[in-house]
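What follows draws every value from the coordinates through simple rules; no lab data is involved. Being a predicted model, the structure only gives us computed values, none of them experimental. Glycine also receives a Cβ, built like all others from the backbone with ideal geometry; neighbour counts cover every protein chain displayed.
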Amino acid sequence: MTVQPPLGMLVELTHRCPLQCGYCSNPLDLMKADRELATSQWQTAFVEAADLGVRQVHLSGGEPTLRRDLEALVSCLSDHGVYTNLITAAVTLTRDRIATLREAGLEHIQVSFQGARRETTELVGRYRGAHEKKRAVAAWAREAGLPLTINAPIHRLNIGEVPNFVALALELDAERLEIANVQYYGWAYLNRAHLLPDYDSVMRQVDYVERVREDLVGRLNIDFVTPDYYADYPKPCMGGWAADAFVLTPDGMMLPCHAAQTIAGLDFDRVTERPLREIWEISDSFNRFRDTEWMPEPCRSCARKDVDFGGCRCQAFAITGDAAATDPSCIHSPLHGALRQMPEPGEIRHRAITRAVEKI
Amino acid sequence: MRPERITITPQCRPCLPRHVRLRFDDLRGTPIVLAPEKVLWPDEISAAILRLCDGTSSVAEIAAELARTYAAPVEEIETDILAFLQDWSDRLLINVNTDHRVSKARS
């Protein structure tokens, strides 16, 4: 098989974060700062990635702005023709820092809002004053000429605020709004009994977003990540395993998706120990679920196998114990019905680096 | 507050915003457009239109130039360009300078 070059790269620069959202996409086993790559190690990896074909990067975390070398990293990427997006919770950003990041070549900023209202933002992220801070950062970004995306992770505690998120995005002069229903892996899977909205709320939300998106054409781009627990077919996770994008973790592990390390039995490589190109093109873990040859039934003979690629390998593993199984969000999965059976909700578990975490 | 939707007319002077980057991808041998969390692959004609979107040429002038280049009727070309630019404008990938907008867009 011919392996196409990757186009995109999600870089988790750190797991450190001032917020404690109960659906964080970082692994349950959060790493401390001493395991993060050094500036020069990141730069070497970024040059290798650009040479291999990466043209767009999402600098994420944790909170990426906690890295004091962020400007140097943005500048390195920009010098190598890579388009840079910063994905930030924004509470640690200052007006000056936004200006220096812009000068370093930053092209776009994505600011997360945990709620469209102050109380919700503070409740979900557990950070006092977060909402006002985020609003200020959004205004500074626009003042610096940066295009702005508002990212709204949606779950039961804020699904009623979706129209408020649209109003907030318009008010803050964002050009994109991501209505991103939480995907239930890692922390979100642990807390799913608290977070998964009920069916009727989700359907109301889908109707509303489809309508308002049409009304706002030419003013606001609304990207909608639907909640797959209520879907008939899975989402085309990552556009297929190792198809055109990859993830780097704070310690330089290269992954086909950010949750791939939850799959037992797959060994991944660090970009500090093996050439990035080699990991992309010939490593066993990247080739394990690439294309469609690996698929068992019912995916193998399914007409949709090139549409959704059998869904998400991590979700398949988390729920069935077999990473090659059909994603249970698909109606053809024997476990489709079981997907919505929730455990008893205990106390919500907020992410924190210092706390020992029970494994799921 | 977000500005209103733009209607592209023959008098508009379209340009790519600074954060929408049109390049040629040497590795892949094709034009590429990089935009916020988006990558687009314009075909040869689309890339030719985009390269002429410099903020000073009007749509009518761009149509006239491409009509010469491709030896095609200017009315047809203009209709196609208007549709293409309206679509790109609706996806917020194109800005325009119209006479009454110049000062606002440049501020």
Discussion item. Regarding segment A:65-77, can at least one residue be identified that is within 14 Å of chain B (Cβ to nearest Cβ) and closer than 17 Å to residue A:276 by Cα?
Written reply: yes
Fill in: Qualifying positions in segment B:1-21 - more than 8 Å from every other protein chain (Cβ to nearest Cβ) and under 21 Å from residue A:9 (Cβ atoms)
B:20
Worksheet item: Has segment A:82-95 got any residue that is within 12 Å of chain B (Cβ to nearest Cβ) and farther than 25 Å from residue A:21 by Cα?
Response: yes
Practice prompt. Could you tell me whether segment A:259-267 includes any residue that is under 19 Å from residue A:307 (Cα atoms) and either crowded, with 18+ Cβ neighbours inside 10 Å or under 21 Å from the mean Cα position of the chain (by Cα) (or both)?
Written response: no
Worksheet item: Take the residues of segment A:268-280 that are in a loop (DSSP other than H, G, I, E, B) and not polar (S, T, N, Q): which is surrounded by the most Cβ atoms within 10 Å (Cβ to Cβ)?
Response: A:271
Worksheet item: Under the condition of being within 15 Å of residue B:9 (Cβ to Cβ) and of a type in the set (Gly, Ala, Ser), which residue from segment B:68-94 is farthest from the other protein chains (Cβ to nearest Cβ)?
Response: B:83
Item to complete: For residue A:320, state whether it is in contact with a helix residue (DSSP H, G or I) (Cβ under 8 Å, 6 or more places away or on another chain), hydroxyl-bearing (Ser, Thr, Tyr) and under 19 Å from residue A:188 (Cα atoms).
Response: no
Worksheet entry | Candidate set: segment B:23-46, residues that are of a type in the set (A, V, I, L, M, F, W, C) and crowded, with 18+ Cβ neighbours inside 10 Å; chosen: the one nearest to the other protein chains (Cβ to nearest Cβ) | B:34
Worksheet item: Does segment A:335-351 contain any residue that is surrounded by 22 or more Cβ atoms within 10 Å (Cβ to Cβ), among the basic types (Lys, Arg) and farther than 15 Å from residue A:235 by Cβ?
Response: yes
Worksheet item: Is segment A:309-331 home to any residue that is under 26 Å from residue A:26 (Cβ atoms), assigned to a loop (DSSP other than H, G, I, E, B), of a type in the set (D, E, K, R) and over 21 Å from the mean Cα position of the chain (by Cα)?
Response: yes
Worksheet item: Yes or no: residue A:192 crowded, with 20+ Cβ neighbours inside 10 Å, within 20 Å of residue A:109 (Cβ to Cβ) and touching a residue at least 12 places away in the same chain (Cβ under 8 Å)?
Response: no
Item to complete: Can you give me the ranges of the helices (runs of 4 or more DSSP H) entirely in segment A:136-197 with at least 1 residues that are touching a strand residue (DSSP E or B) at 6+ places or on another chain (Cβ under 8 Å)?
Response: A:162-171
Response to the item:
Residue set A:214, A:210; condition in a helix (DSSP H, G or I), within 14 Å of chain B (Cβ to nearest Cβ) and of a type outside the set (Phe, Trp, Tyr); output residue A:214
Worksheet item: If residue A:285 satisfies every condition in (1) surrounded by 15 or more Cβ atoms within 10 Å (Cβ to Cβ); (2) among the polar types (S, T, N, Q); (3) not in a helix (DSSP H, G or I) but one, which is the exception?
Response: (3)
Worksheet item: Which condition number does residue A:296 fail, the rest of (1) over 28 Å from residue A:341 (Cβ atoms); (2) assigned to a loop (DSSP other than H, G, I, E, B); (3) touching a residue at least 12 places away in the same chain (Cβ under 8 Å) being met?
Response: (1)
Response to the item:
Residue hits (segment A:217-231; within 22 Å of the chain's Cα centre (by Cα), over 29 Å from residue A:349 (Cα atoms) and part of a loop (DSSP other than H, G, I, E, B)) are A:220
Fill in: Single condition residue A:62 does not satisfy, out of (1) under 21 Å from residue A:108 (Cβ atoms); (2) within 14 Å of chain B (Cβ to nearest Cβ)
(2)
Worksheet item: Mind checking which residues of segment A:162-175 are buried (at least 19 other Cβ atoms within 10 Å of the Cβ) and more than 14 Å from chain B (Cβ to nearest Cβ)?
Response: A:162
Fill in: Extreme residue, surrounded by the most Cβ atoms within 10 Å (Cβ to Cβ), among residues of segment A:213-248 that are touching a strand residue (DSSP E or B) at 6+ places or on another chain (Cβ under 7 Å) and among the β-branched types (Val, Ile, Thr)
A:247
